[in-house]
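Asker: Have a look at this one.
Since every read-out is calculated from the coordinates, none of them should be taken as a lab result. Here the structure is a predicted model, which means the values were calculated and not measured. All Cβ positions, glycine included, derive from the backbone under ideal geometry; neighbour counts span all protein chains shown.
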Amino acid sequence: MDLTIFLRSSAVDWVRKGAADKVLLNPLDRTMIDMVQRVRDHGCTIMVCRPCAKFRRDSQDELLDGVVITGLPAMHALIKDGASTLRF
């Protein structure tokens, strides 16, 4: 099963280089960077909302390797091709 994550709003902060290195959402969990790396290691595509990145003044170079700044049409294309969505 293919997985694509589309980050928007403050979720964009989790894929900025160095931002999630020491963040623990729960003391028993791995660090946020470990969780992000784990999904990437399993082939997950991570997209970042272009207006959200622009608002934070993030450029492609400031994000983790492999994370792509893109517009919502890229996500809509996946949905039109039959992808299911989950939002939280």
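Asker: Please specify each residue of the stretch 78-88 satisfying the condition of being over 11 Å from Phe6 (Cβ atoms) and not polar (S, T, N, Q).
Answerer: Lys80, Asp81, Gly82, Phe88
Asker: Given the conditions (1) among the hydrophobic types (A, V, I, L, M, F, W, C); (2) loosely packed, with under 14 Cβ neighbours inside 10 Å; (3) over 14 Å from Val12 (Cβ atoms), report the number of the one that Leu78 does not fulfil.
Answerer: Unmet condition: (2).
Asker: Taking the conditions exactly as written (surrounded by fewer than 16 Cβ atoms within 10 Å (Cβ to Cβ), in contact with a Leu (Cβ under 9 Å, 6 or more places away or on another chain) and free of Cβ contacts under 8 Å to residues at least 60 places away in the same chain), does Thr85 satisfy them or not?
Answerer: In short, yes.
Asker: Quick check: anything in the stretch 12-24 among the basic types (Lys, Arg) and either in contact with a Cys (Cβ under 6 Å, 6 or more places away or on another chain) or surrounded by 15 or more Cβ atoms within 10 Å (Cβ to Cβ) (or both)?
Answerer: Within the stretch 12-24 (the criterion being among the basic types (Lys, Arg) and either in contact with a Cys (Cβ under 6 Å, 6 or more places away or on another chain) or surrounded by 15 or more Cβ atoms within 10 Å (Cβ to Cβ) (or both)), the answer is yes, since at least one residue qualifies.
Asker: Under 17 Å from Ala19 (Cβ atoms) and touching a Ser or Thr at 6+ places or on another chain (Cβ under 8 Å), is that true of Cys52?
Answerer: Criteria met by Cys52.
Asker: Sticking with this structure for a sec: Only residues in the stretch 14-37 that are free of Cβ contacts under 8 Å to residues at least 40 places away in the same chain count as the first member; pair them with residues that are of a type in the set (Lys, Arg) and not in a loop (DSSP other than H, G, I, E, B), Cβ under 9 angstrom, at least 6 apart or cross-chain, and list the lot.
Answerer: Close Cβ pairs (under 9 Å, with a partner that is of a type in the set (Lys, Arg) and not in a loop (DSSP other than H, G, I, E, B)) amount to Arg30/Arg38.
Asker: Collect the residues in the stretch 47-77 that are outside any loop (DSSP other than H, G, I, E, B), under 14 Å from Leu7 (Cα atoms) and among the charged types (D, E, K, R), keeping them in residue-number order.
Answerer: Arg50, Lys54
Asker: Do you know which residues across the stretch 38-55 are among the basic types (Lys, Arg) and either surrounded by 14 or more Cβ atoms within 10 Å (Cβ to Cβ) or within 14 Å of Met75 (Cβ to Cβ) (or both)?
Answerer: Matches in the stretch 38-55: Arg40, Arg50.
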